[in-house]
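Everything below concerns the one structure shown next.
The values are calculated or read from the model by the stated rules, or taken from the named source; none is laboratory data. Computed from a predicted model, the values in this text were never measured in an experiment. We place every Cβ from the backbone using ideal geometry, glycine too, and count neighbours over all the protein chains shown.
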């Protein structure tokens, strides 16, 4: 059973481009036949539901560019599912983020949180395939009420988080030296 990198995928483009990109995720009803898809990248609803939501957002201005957000769960990490790793194993069925952005004419911004291994990812890719990836360890905080230790992403607000041990709200940064690892990747579309 994998750890899950739970993410938000913000896709920017015209309606048909965003719809094409959304078809690349594995939905509760499987994959779209004949469409190269993202490995181990799951949306927790039916394909028709997510496509209907996208159509609704473009209803008044179908030719405009909009940003649509999609909740996605990646097995292990977004990086291994859509950039380097799984996509190269079955290239005739799977697609990389760079190739999908170029083919579909969209730009994306993905943020994930993986609480098992305590890392977060920040990934952007534009319609030319230019890719920027940052992956870093989460920061460790202490609950102000009970002292429990909890890891959080750069997007979490410690003063608003609920303690998983006592249920109280509010954390403080542990001042001792933090182990931080940061990976950054930049790739220019070909």
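Table for the structure above
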| item | result |
| --- | --- |
| Cross-chain or 6+ apart pairs with Cβ under 6 Å, segment 79-107 first and under 25 Å from residue 14 (Cα atoms) and assigned by TED's automatic domain parsing to the domain that holds residue 119, then at pLDDT below 95 and surrounded by 21 or more Cβ atoms within 10 Å (Cβ to Cβ) | 94/87; 96/87 |
| Restricting segment 5-36 to residues that are in contact with a helix residue (DSSP H, G or I) (Cβ under 6 Å, 6 or more places away or on another chain) and free of Cβ contacts under 8 Å to residues at least 40 places away in the same chain, the residue that is nearest to residue 115 (Cα to Cα) | 27 |
| Residue satisfying all of: in segment 9-25; assigned to a strand (DSSP E or B) and crowded, with 20+ Cβ neighbours inside 10 Å; nearest to the chain's Cα centre (by Cα) among these | 9 |
| Count - residues of segment 58-72 that are in contact with a helix residue (DSSP H, G or I) (Cβ under 6 Å, 6 or more places away or on another chain) and modelled with pLDDT under 95 | 1 |
| Residue in segment 77-88 that is surrounded by fewer than 18 Cβ atoms within 10 Å (Cβ to Cβ), in a strand (DSSP E or B) and within 16 Å of the chain's Cα centre (by Cα) present | no |
| Test result for residue 169, touching a helix residue (DSSP H, G or I) at 6+ places or on another chain (Cβ under 9 Å) and in the same structural domain as residue 23 (by TED's automatic domain parsing) | no |
| Number of positions in segment 109-123 that are part of a strand (DSSP E or B) and surrounded by fewer than 18 Cβ atoms within 10 Å (Cβ to Cβ) | 1 |
| Some residue of segment 148-164 being under 17 Å from residue 40 (Cβ atoms) and part of a strand (DSSP E or B) | no |
| Any hit, segment 181-188, residues being at pLDDT below 95, in a loop (DSSP other than H, G, I, E, B), within 20 Å of residue 68 (Cβ to Cβ) and outside the structural domain of residue 65 (by TED's automatic domain parsing) | no |
| Segment 37-76: number of residues that are in contact (Cβ under 8 Å) with a residue 24 or more places away in the chain and assigned to a loop (DSSP other than H, G, I, E, B) | 10 |
| Residue check, residue 46 surrounded by 14 or more Cβ atoms within 10 Å (Cβ to Cβ) and under 21 Å from residue 30 (Cα atoms) | no |
| Qualifying positions in segment 76-91 - modelled with pLDDT under 95 and touching a helix residue (DSSP H, G or I) at 6+ places or on another chain (Cβ under 8 Å) | 85, 86, 87 |
